[in-house]
Amino acid sequence: KISRARDKNSAMPSNGTLPKDAQSHLKSDAAAANVLVQCLLGQGSLQLEGWKPSKAVTDAIALLAEEARQQLPDVALGLWPGASEAEPYDEMREAKGRCRPAYVGVVAQIEQILKQKPKRINDFKEESEKCFKGDNRLYHIPRMLTRQEADKVIAGVAQRAQALRRLVMDVNSRKEMKVGQLSCVKCGALPREVFSRIAARAGEQWTQNLVQKEGESKKLYWNMWYGPDIIRGPSENGHDFYVVEDNLGYVGGFGDLPLARSVLLGEASGSKGFPEFKPFLELENAERLYEEMAAHYKRNVAEGEKVVVLYYHR
């Protein structure tokens, strides 16, 4: 049973019908309401599986949803057209089972190993975990990208990192925190309501409240290690890369690069790995990353300052 108070300002038309734009959401709104009710019931005895609401109930759900959309204009209006019919993305194979270009070489080697000595694959999980001292373990097939895909991920991560860094600088370099005066809010990049919700949820103090003197935060060099979690999922034009979590200041990940490669290729002590993969992987370049990071930090050290390195001991 659904009941609600209504007054002369209610959005429900006098004839009891719904606007056309609201009617377009009936199916998805009703399905969402079904899931919501089941979640609220929890372990209760009442079961709503297969529930088919009447038209009156469906209309009421659609009306409530439409009013919510009007009250929260910054909230995305559901999935893109056709998303419910989109198929999951198979990283290795195309729709007809043909191996994707990036995986052709590696998959051919795996198929040979499966025929000749499948125990190598079964043993690799435990081998890799021991090499990482129980902190990590590898899958026997590495994630493979074409050069075009890799370039897209690199460019996207770099752009997103710069945007997040600018946000941090925008928020933490002001004498007084007024959300409406933030550059990201003024230019429309981040809606004020969204920023306020995030700030309230995080519960963090502004930097000006943490430093001893006014203006000290402006002198701070805001820098961070950034390693987002990325997945590939459906989009309007097929499939694309998505960030599911922004990891700011993370301390793992890039430190594992040389070890992960050596374990996978069987070059690390205790791992037989798969040396057959080497022709299909890029040349080792982790050391170059570390050298660039060290040089970057040294360039930002003024005369008389010292470099402080934080070491997290296991």
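The values are calculated or read from the model by the stated rules, or taken from the named source; none is laboratory data. For clarity, every value in this text was computed on a predicted model and none was experimentally measured. Every residue, glycine among them, receives a Cβ derived from its backbone with ideal geometry; neighbour counts consider all protein chains shown. For the accessible areas, the whole protein counts, side chains as well, though only heavy atoms, and no ligand, DNA or RNA atoms are used. Shrake-Rupley method; radii C 1.70, N 1.55, O 1.52, S 1.80 Å.
Structure values in brief
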item: Test set (1) farther than 28 Å from G134 by Cα; (2) open to solvent by 50 Å² or more (accessible area, probe 1.4 Å) - A295 fails condition number; result: (2)
item: Looking only at segment 247-274, and only at residues there that are touching an Asp or Glu at 6+ places or on another chain (Cβ under 8 Å) and either open to solvent by less than 80 Å² (accessible area, probe 1.4 Å) or among the aliphatic types (A, V, I, L, M) (or both), the one that is nearest to H140 (Cα to Cα); result: G273
item: Filter result (under 18 Å from E111 (Cα atoms) and in contact (Cβ under 8 Å) with a residue 60 or more places away in the chain) within segment 129-152; result: H140, P142, M144
item: Filter result (in a loop (DSSP other than H, G, I, E, B) and at pLDDT 90 or above) within segment 261-303; result: L265, G266, E267, A268, S269, G270, S271, K272, G273, F274, L281
item: Sole exception among (1) part of a loop (DSSP other than H, G, I, E, B); (2) open to solvent by less than 90 Å² (accessible area, probe 1.4 Å); (3) farther than 24 Å from Y103 by Cα; (4) in contact with a helix residue (DSSP H, G or I) (Cβ under 9 Å, 6 or more places away or on another chain) for D135, by number; result: (2)
item: Residue in segment 171-192 that is farthest from N223 (Cα to Cα), counting only those that are at pLDDT below 85 and surrounded by 14 or more Cβ atoms within 10 Å (Cβ to Cβ); result: V179
item: Flag if E149 is over 24 Å from D246 (Cα atoms) and not aliphatic (A, V, I, L, M); result: no
